[in-house]
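Below is one structure; the comments refer to it alone.
The values are calculated or read from the model by the stated rules, or taken from the named source; none is laboratory data. Only a predicted model underlies this, so the values are computations on that prediction, with no experimental measurement involved. Glycine gets a Cβ as well: all are built from the backbone with ideal geometry, and neighbour counts include every protein chain shown.
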C-alpha cells in the first residue's frame, strides 16, 4: 500500500451542476441513504448516512468533501465510527462545501467506513398557504454511486401528495404512511418534487405604461391576465378604467384605451389568480385548428430541418424530450437584451437558449407534426432560480408552450425549460401550481405583450410585475347588467332597431349567456340572442330588431331584457307620424328651413331688382 496521503473528494450535488471527475474515482465505492424529514414549521432535517469502501490496497482516504447546493445550513453535525467529527463549512458559488477529516482512515482493500452528516435547512420545503412544496434537486452523476436511496418524511396533517415527481415505479413498496422511498433507479439524474394541496392562490399588482408620440389620438390596448383552463382570474380594480375589455381568439383579455396626442398613461391592475394542477376540458374551435398549425415568425414550420425532425419525433412527449436534451439553458442571457433566436436558429446555437427558445422549438416542431401548439407568457413562482429560472429582463417573466390533446379534449401546458434545468424533473405529464398565464400567443408569435412589457423611456427600470402568495379566492358569481340602447319614441309603421348592451360588472369572467327580450306589443314579442363570454370591465352589444307596427298605432310598450339573474326594462312610446314628437319636431325643422330659404331667396331677388334699377 502506498504511504502517500490520499484525500478523497466526493461531491454530492444537490443542484444539477457538472461533477466532472467528482465521483469518478474507481478506487472507492460509495453508498448513500439520505433522509429528508420535513417538520410542521416547513424546516427540514437532512440526514446523510454513507459508507465508503476502499477497492484497492494502494490508496487510503482520510478526508471527505460534500458540495451541497443549499445556502442555508444550520446545526451541522458529523460522525464516523469512532465518534464526532468537526465539519468545516466553506461558502462556494454553488452553495456550501462540508469538509470532513475522518477519525479513522479507510485503509486496505475492502475496508469500509460508515459516517453520517446532519443539518437543518429551510430550502427543501415551503408552506405557501394553500400548497406545500417539497423540492429536492437531483444528484449529478448518479452512476458514481453504488447505491443511492432517499427517504422523504412529511407531516401527517398534509395528507396525501397531489403529485410526486419522479413517478415511483413500485407504489406499494415506495410508500409507507407519511414516508416516500426513492431508489437510484427511480431518480436517475432527476430531483424530487412533491406537492400537497388542490390549488394555489396568488395576489398580483401589475403596472402598464403607455405613451402616444403622435399628433393625433390613438386607440391602444393592454393584456390582462386571463382566465384559462388552468386558472381563474379575479380583477379587483383597474385604474383608470378601460373603455372596454374584449376577448381575442386565443382567449386573451384586452383592455382598450384612447390615448390623446403626446400623452403618457400609467395603468394599475390588481387582482387574484387561482391556479389548478389539472386543466379543465376545453373544446378547440375547428376554425382555429389550422391557425395553430401555421408558421409564424420564430416558428418556421416550413423549414426542412424542422419538418424532418417533426416527422421523426411525431408525438408531444418525443418533442418535449428532444427539446430538453438538445438545448442547454444559457444563464448569461438572462441579464442581457439578447435577440430572440427562434426555433431554427437555436438549433444552430443549442447552448444559448432561454425559455423563449425552448418554447419556440417545441411549438414549431409540434405544429410541423400536425399538433396544435402555442406559447404562454407569464409568471412562474420560483424560490430557486438556478433550478427553475425565469428569463425576461425588465420584469422577470417566463415562457412555456402548450399543445392540444385531442384525447383529453383540452390544452396541456408543459415546461421544457424547467425540465432541462432541473435535470429531468417531469414537467410534461404534470406541471405544478407555480405557472400563471399573462398572455396566450397562438395566432401571433409576438402579440399580445404580457404585463411587464409595457415600458416608456422614463420607466425602463421600474418593477411593474408584483406577484405574491395569496390566501383566499372569493370573487363571487359573475355579475351582468343590461341596457337597451335605442329611441324612446317609435314612429308607427317603421321598423325599429336597437342594441342591448350587456356589461360585466363583476370581478370574474362571465360565460356564454342567453339574452331574452320580451314585449307586450312589439313584434316579435319574444327574442333570444346569445352573448359570449365577457371579461370583467367589458361589455358586448347585441343587435335587436322589431317589425313595423300598423301606421295608426298609438300606444306604449315595455321592452323586458333578461340576462342570467339580471332583468331591466325599457319603456317606449309608439305613435303615428302625425302625432309623434320626433316626427313633429322634424316637420318643424323642415318648415323652418324652408322659410329661411324662402326669405333668403326673396331678399336676394329684391337686391338684384334694386341693382338693375340703378
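How many residues does the range 409-422 contain that are surrounded by fewer than 24 Cβ atoms within 10 Å (Cβ to Cβ), at pLDDT 95 or above and at negative phi?
3
Whether any residue in the range 423-436 is buried (at least 19 other Cβ atoms within 10 Å of the Cβ), touching a strand residue (DSSP E or B) at 6+ places or on another chain (Cβ under 8 Å) and in a strand (DSSP E or B) is what I want to check.
Yes, the range 423-436 has at least one match.
Applying the selection to the range 508-541, what residues are under 36 Å from the mean Cα position of the chain (by Cα) and surrounded by fewer than 20 Cβ atoms within 10 Å (Cβ to Cβ)?
Of everything in the range 508-541, those that are under 36 Å from the mean Cα position of the chain (by Cα) and surrounded by fewer than 20 Cβ atoms within 10 Å (Cβ to Cβ) turn out to be 511, 512, 514, 529, 530, 532, 533, 541.
Which is buried (at least 16 other Cβ atoms within 10 Å of the Cβ), touching a strand residue (DSSP E or B) at 6+ places or on another chain (Cβ under 9 Å) and not assigned by TED's automatic domain parsing to the domain that holds residue 502, of 258, 238?
Among 258, 238, only 238 is buried (at least 16 other Cβ atoms within 10 Å of the Cβ), touching a strand residue (DSSP E or B) at 6+ places or on another chain (Cβ under 9 Å) and not assigned by TED's automatic domain parsing to the domain that holds residue 502.
Considering only residues that are touching a strand residue (DSSP E or B) at 6+ places or on another chain (Cβ under 7 Å) and under 29 Å from residue 549 (Cβ atoms), which ones fall in the range 492-512?
Selection gives 492, 495, 496, 497, 498, 499, 500, 501, 502.
How do the strands (runs of 3 or more DSSP E) wholly within the range 119-179 filter down when requiring 3 or more residues that are modelled with pLDDT under 95, over 25 Å from the mean Cα position of the chain (by Cα) and crowded, with 19+ Cβ neighbours inside 10 Å: which remain? It would help to see each step written out before you state the result.
Numbers: elements: 125-128, 131-136, 147-153, 163-165.
Correct list: empty, since no element meets the threshold.
Can you list the strands (runs of 3 or more DSSP E) lying wholly within the range 34-117 that have 1 or more residues being in contact with a strand residue (DSSP E or B) (Cβ under 6 Å, 6 or more places away or on another chain) and surrounded by 19 or more Cβ atoms within 10 Å (Cβ to Cβ)? If you could, list the steps in order and put the result at the bottom.
On the way: elements: 44-54, 61-68, 74-80, 83-85, 88-92, 95-106.
The qualifying strands (runs of 3 or more DSSP E) are 44-54, 61-68, 74-80, 83-85, 95-106.
Taking residue 284 as meeting all but one of (1) more than 20 Å from residue 439 (Cβ to Cβ); (2) more than 16 Å from the chain's Cα centre (by Cα), write down the number of the exception.
Here residue 284 meets the rest and fails (1).
All but one of (1) touching a residue at least 12 places away in the same chain (Cβ under 8 Å); (2) farther than 30 Å from residue 195 by Cα; (3) out of contact with any helix residue (DSSP H, G or I) (no Cβ under 9 Å at 6 or more places or on another chain); (4) not in a loop (DSSP other than H, G, I, E, B) hold for residue 232; which doesn't?
Just one mismatch for residue 232, condition (2).
Show me the helices (runs of 4 or more DSSP H) found entirely inside the range 264-371 where at least 1 residues are touching a strand residue (DSSP E or B) at 6+ places or on another chain (Cβ under 9 Å), at negative phi and crowded, with 18+ Cβ neighbours inside 10 Å. Write out each step before concluding.
Details: elements: 286-289, 304-313, 316-326, 342-348, 355-368.
Hits in the range 264-371: 304-313, 316-326, 342-348, 355-368.
Which numbered condition trips up residue 200, out of (1) in contact (Cβ under 8 Å) with a residue 60 or more places away in the chain; (2) more than 27 Å from residue 381 (Cα to Cα)?
(2)
Answer yes if at least one residue in the range 39-47 is more than 34 Å from the chain's Cα centre (by Cα) and either in the same structural domain as residue 182 (by TED's automatic domain parsing) or modelled with pLDDT of 85 or more (or both), and no otherwise.
Yes: one or more hits.
Could you count how many residues in the range 535-555 are in contact (Cβ under 8 Å) with a residue 60 or more places away in the chain and within 30 Å of residue 272 (Cβ to Cβ)?
5
Can you tell me which residues in the range 14-33 are surrounded by fewer than 16 Cβ atoms within 10 Å (Cβ to Cβ) and either touching a helix residue (DSSP H, G or I) at 6+ places or on another chain (Cβ under 6 Å) or at pLDDT 90 or above (or both)?
Within the range 14-33, just 33 meets the criteria.
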